[in-house]
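The values are calculated or read from the model by the stated rules, or taken from the named source; none is laboratory data. These numbers come from a predicted model, not from an experiment. So basically every Cβ, Gly included, is an ideal-geometry build from the backbone, and we count neighbours across all protein chains shown. Heavy atoms of the whole protein, side chains included, go into the accessibility calculation; ligands, DNA and RNA do not. Shrake-Rupley method; radii C 1.70, N 1.55, O 1.52, S 1.80 Å.
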Amino acid sequence: MATITTSVILMRWELLSAVMMFLASTFNVKCRKASHNVMAFAFTGIGIGMSCWFVTGLLGITLSMDNLHNFWNITKDVFVEVMSRTPADWPMP
């Protein structure tokens, strides 16, 4: 019993996101059958968001402001580097 309890405590966010993905998929199918396309689109977005949350949780990626700031700085540096190597007359008409 302690093993099951420990695994549920350690996997609580992954389990929650998996349940949310299942519910979003179920409601998506029901809304599509009932021709509620806007609601089906919303549930599709929820499902995609939950799957991204599930993967980041399994990979141990934390989405903190420090990580987002670091990602933005790296993206900016790469963009500036690529643009500095781009020829002045590119693209050719």
Which ones in the range 24-45 are part of a helix (DSSP H, G or I) and either open to solvent by less than 70 Å² (accessible area, probe 1.4 Å) or in contact with a Phe, Trp or Tyr (Cβ under 6 Å, 6 or more places away or on another chain) (or both)?
Ala24, Ser25, Thr26, Phe27, Asn28, Cys31, Ala40, Ala42, Phe43, Thr44, Gly45
Taking the residues in the range 77-93 that are among the charged types (D, E, K, R) and open to solvent by less than 100 Å² (accessible area, probe 1.4 Å) as candidates, determine which candidate is modelled with the lowest pLDDT.
Asp89
Got a sec? Which of Phe22, Phe54 is in contact with a Ser or Thr (Cβ under 8 Å, 6 or more places away or on another chain) and among the hydrophobic types (A, V, I, L, M, F, W, C)?
Phe54
I'm trying to understand the selection: among the residues of the range 1-23, which are outside any helix (DSSP H, G or I) and surrounded by fewer than 10 Cβ atoms within 10 Å (Cβ to Cβ)?
Met1
